[in-house]
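Colleague: Sharing a structure below in structure tokens format, with a few things to ask.
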Amino acid sequence: MATTSNRPRAVVSLSGGMDSVVCAALATRDFDAYAVHFSYGQRTAHFLSAAVSWAEVLGAKTVFIGAVEQDSSGYPDCRPAYYQAFNQLIQAGTKEGDIRILTPLIHLKKSEIVRLGVELGAPFHVSWSCYSGQDAACGTCESCVLRLRAFREAGAADPVPYAAR
């Protein structure tokens, strides 16, 4: 596969939420990023297996994922220990064993992620955090509440449309 730059390749696992678009913005600073998108409803173990497999095909040594420890009460696979264990699995279960999963947002608060995203010019307008599946975000589900609070605490306007506020 031909590359257009001398930068290393990385796979970015995207859910489409605000954390993943900020993670992608971080990845593109230093890497030629190859995005793999997953619809909600799937667990992160599936995300990582597919992303690592694709990284191996691309010759990429890095996989980025926007996991955030603050979400670990609802998603146990957002804990740092999970990614440490998965990196050990990669060492044992891939041909070269040298692909690494990076979680650059894992210790940040949601408001810090928004601030970083604003600084990086992350495309928040194409991100989606709502679980309602409507044309406009509901503004009331747990994910919307966390997102709205993060934007408010960061002093930034959330660019996605909301049905209720």
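Read the figures in this text as sums done on the coordinates, not as results from a lab. If you're wondering where the values come from, they're calculated on a predicted model, not measured in any experiment. A quick note on method: Cβ atoms are made from the backbone with ideal geometry, for glycine too, and the neighbour counts reach across all protein chains shown.
Colleague: Give me LYS110, LYS95, LYS61 ranked fewest to most by other Cβ atoms within 10 Å of their Cβ, as a rough exposure proxy.
Modeller: With the fewest neighbours first, LYS110, LYS95, LYS61 line up as LYS95, LYS61, LYS110.
Colleague: Which of ASP71, ASP135, ASP158 comes first, and how do the rest follow, when ranked by fewest Cβ neighbours within 10 Å?
Modeller: Arranged by neighbour count, lowest to highest, ASP71, ASP135, ASP158 become ASP135, ASP71, ASP158.
Colleague: When the chain is modelled as a GNM with alpha-carbon springs shorter than 10 Å, which of ALA136, ALA35, ALA67 fluctuates the most?
Modeller: ALA136
Colleague: Pop out the Kirkwood hydrodynamic radius of region 9-124 from its pairwise C-alpha distances, inverse of mean 1/r, in Å to one decimal.
Modeller: Its Kirkwood hydrodynamic radius stands at 14.1 Å.
Colleague: Would you be so kind as to identify which of LEU120, ALA33, VAL63 lies farthest towards the positive end of the dipole of the chain, taking Lys and Arg as +1 and Asp and Glu as -1 on Cβ and the Cα centre as origin?
Modeller: Comparing the listed Cα positions along the dipole, LEU120 ranks first.
Colleague: Something else now. Based on other C-beta atoms within 10 Å, arrange TYR75, TYR83 from fewest to most.
Modeller: Ordered by Cβ neighbours within 10 Å, fewest first: TYR75, TYR83.
Colleague: Then there is this: Under a Cβ-only charge scheme (Lys and Arg +1, Asp and Glu -1), can you give me the dipole magnitude of the chain about the Cα centre, in debye to the nearest 20?
Modeller: 100
Colleague: Here's another thing I want to ask about it. Give me the angle, in degrees from 0 to 90, between the Cα long axis of helix 110-120 and the longest principal axis of the Cα atoms of the chain, rounded to the nearest 10.
Modeller: Between the helix axis and the principal axis of the chain, the angle is about 70 degrees.
Colleague: Do you know the relative contact order of the chain, to the nearest whole percent, from alpha carbon pairs under 8 angstrom that are 6+ apart?
Modeller: Reported relative contact order: 23 percent.
Colleague: ³J(HN,Hα) across region 121-127 via Karplus (A = 6.51, B = -1.76, C = 1.60, θ = phi - 60°), whole Hz, x for Gly/Pro?
Modeller: Per-residue couplings from phi come out as x, 4, x, 4, 5, 9, 8 Hz.
Colleague: Enter the angle in degrees (range 0 to 90, nearest 10) between the Cα long axis of helix 142-154 and the first principal axis of the Cα atoms of the chain, meaning the one along which they spread out most.
Modeller: So the inclination is approximately 80 degrees.
Colleague: Is it possible to state the helix-based mean residue ellipticity at 222 nm for the chain, with each DSSP H run of 4+ residues giving -39500 (n - 2.57), the sum divided by total residues, to the nearest 500 deg cm²/dmol? What is it?
Modeller: Rounded to the nearest 500, it is -12500 deg cm²/dmol.
Colleague: Next up: Would you mind listing how long region 90-165 runs along its three principal axes, going by Cα atoms, in whole Å with the largest first?
Modeller: Between the extreme Cα coordinates on each principal axis of region 90-165 lie 50, 27, 19 Å.
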